[in-house]
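Below is one structure, written out as structure tokens; the observations come after it.
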Amino acid sequence: MQGKRIVLGIGGGIAAYKTPSLVRQLVAAGMDVIPVLTESAHHFVTATVLTTLSGNRVRADLWDLDAENSMGHIELARWADTLLIAPATANLLARLAHGQSDDLLTTLYLATTAPTIVAPAMNVEMWNHTATKRNIGALKTDGVHVIGPEHGEQACGEIGLGRMLEPEDIVSQLLATTGPISASMEGIRVLVTAGPTRESIDPVRYITNASSGKQGYAIAEAARDAGAVVRLVSGPVALPSPRGVQQIPVTTAAEMKAAVLDLAGDIDIMFGVAAVADYRPIRSEPHKIKKTQQNGPSISMDLVENDDILASVAALPDPPYLVGFAAETQNPIKNAVHKRERKCLDAIVVNDVSDRSIGFDSDENEVTLLHADGETTFDRSTKAQIANKLVSAISALYAKKRT
Ligand code: CTP
């Protein structure tokens, strides 16, 4: 099983003495933790302790060529499923809020697309200062999740707000934010289609749609983290290739169908997340269409329907467990129920893309999973969190069907 991957950033505050216990608890909860220390954190906790407890070499220096050669800082930023910063001192919060990248930790914060959680810790007056409030406000606006601080006796002798949350509270808040760790797809062969397809009109023009591929890629990563062997057939997207996933790039719906059918015999579960173009131009012109070739101010184009990829897989003699996705703008549940039946799917995931905040290119989603035994709605959260929940739910439904 692969756990969730946490980069644990540790700032230079007295609460850093609790981070060995935090690392232990994160590891016990199934997480793979790489600690990253700021320069001043070394005054409060040793790299030796954190390396021993995490089982990973502690990172501290942007200029450590040995460490950079084994996993460069950008690679580390991509590796992380979550960047957790505890303790986050007033100085560290200020540097994060201002987008500085003058050490490894602040550089990772800018370079990662993973959700960031900060657990502040500082003297009560520092916490109450307008500058700190301003920085916290800016970080929240930037999408950072702030947990704590809590009220209590402080190392400086004062009593008030500013104590870092206890490690067990940080772990439970982290789990609440990122979703449970799914370990339930060990050895299962998963195929994910993602992104749009592109249907050529001429050498410089094509028909496509607004799919970003984010939800499909998040599902491929969640299935990989749950232990599955994952293949990702992807249309053209601007996303980095997920590590540990076999990626098969395609452009058109016909190419996607061919790639899927090639793999479908060796697959246990298929997630059809791709927004496949329903139609393609009846022919792709070999040369750029010129305005001068047209007879008037309007032109028309004949389109022909693309084959339905999921329906083709469903028609195989021994199809995998099939999960379709439906992006709807009207009557989402009713349409999805009908679509599941029409395409002979085991389950379908529907979202209402008329709400642009959970639409095609957004980072969040809110979906309903419909299957033979009922439906479950997953409230609005990041696409990574939705992916984890869907993977957990589908692996349970798949196991039930197999028995
Ligand atoms: N799909 C597919 N092949 C196609 C079109 C869609 O496999 N040619 C899959 C998608 O990957 C998705 C599901 O079918 O999992 C639903 O896609 P959607 O575009 O909503 O379905 P359509 O059948 O095209 O229905 P609509 O009339 O709503 O466009």
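The values are calculated or read from the model by the stated rules, or taken from the named source; none is laboratory data. Just so we're clear, the structure is a prediction, and the values are computed from it rather than from any experiment. All Cβ positions, even for glycine, are placed from backbone atoms using ideal geometry, and neighbour counts span all protein chains on display. Please note that ligands, DNA and RNA were not included when accessible areas were found on the heavy atoms of the full protein model with its side chains. Shrake-Rupley method; radii C 1.70, N 1.55, O 1.52, S 1.80 Å.
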Residue within the stretch 16-34 that is open to solvent by less than 50 Å² (accessible area, probe 1.4 Å), among the aromatic types (Phe, Trp, Tyr) and in the same structural domain as GLN173 (by TED's automatic domain parsing) present: no
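Quick check: anything in the stretch 273-284 within 8 Å of the ligand (Cβ to nearest atom) and open to solvent by 60 Å² or more (accessible area, probe 1.4 Å)?
The first filter runs over the stretch 273-284 and keeps only residues within 8 Å of the ligand (Cβ to nearest atom), leaving 273-278.
Right, trim to open to solvent by 60 Å² or more (accessible area, probe 1.4 Å) and you get 278.
Checked against the condition, which is being within 8 Å of the ligand (Cβ to nearest atom) and open to solvent by 60 Å² or more (accessible area, probe 1.4 Å), the stretch 273-284 yields at least one hit.
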Test: residue in the stretch 302-311 that is under 35 Å from the mean Cα position of the chain (by Cα), closer than 19 Å to GLN215 by Cβ, assigned by TED's automatic domain parsing to the domain that holds ALA396 and not basic (Lys, Arg): yes
The stretch 297-328, residues that are within 9 Å of the ligand (Cβ to nearest atom) and out of contact with any Gly (no Cβ under 9 Å at 6 or more places or on another chain): GLU305, ASN306, ASP307, ASP308, ALA311, SER312, ALA326, GLU328
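Please enumerate the residues belonging to the stretch 347-380 that are part of a strand (DSSP E or B), small (Gly, Ala, Ser) and in contact with a Ser or Thr (Cβ under 6 Å, 6 or more places away or on another chain). Let's see the steps before the verdict.
Going residue by residue through the stretch 347-380, those that are part of a strand (DSSP E or B) are 347-352, 364-371, 374-380.
Filter once more, keeping what is small (Gly, Ala, Ser): 347, 374.
Of everything in the stretch 347-380, nothing turns out to be part of a strand (DSSP E or B), small (Gly, Ala, Ser) and in contact with a Ser or Thr (Cβ under 6 Å, 6 or more places away or on another chain).
Criterion first (in contact (Cβ under 8 Å) with a residue 40 or more places away in the chain and of a type outside the set (S, T, N, Q)) does LEU110 satisfy it? First the steps, then the outcome.
Values: in contact (Cβ under 8 Å) with a residue 40 or more places away in the chain: no; of a type outside the set (S, T, N, Q): yes.
No, not satisfied.
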Residue selected from the stretch 363-403 under the condition of a type in the set (Ser, Thr, Tyr) and in contact (Cβ under 8 Å) with a residue 40 or more places away in the chain, by the criterion surrounded by the most Cβ atoms within 10 Å (Cβ to Cβ): SER395
Candidate set: the stretch 319-339, residues that are free of Cβ contacts under 8 Å to residues at least 40 places away in the same chain and not in a helix (DSSP H, G or I); chosen: the one surrounded by the most Cβ atoms within 10 Å (Cβ to Cβ): ALA326
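Only one of LEU165, LEU232 is open to solvent by less than 50 Å² (accessible area, probe 1.4 Å), out of contact with any Lys or Arg (no Cβ under 9 Å at 6 or more places or on another chain) and either without any contact (Cβ under 8 Å) to a residue 12 or more places away in the chain or not assigned by TED's automatic domain parsing to the domain that holds HIS98 (or both). Can you tell me which?
LEU232
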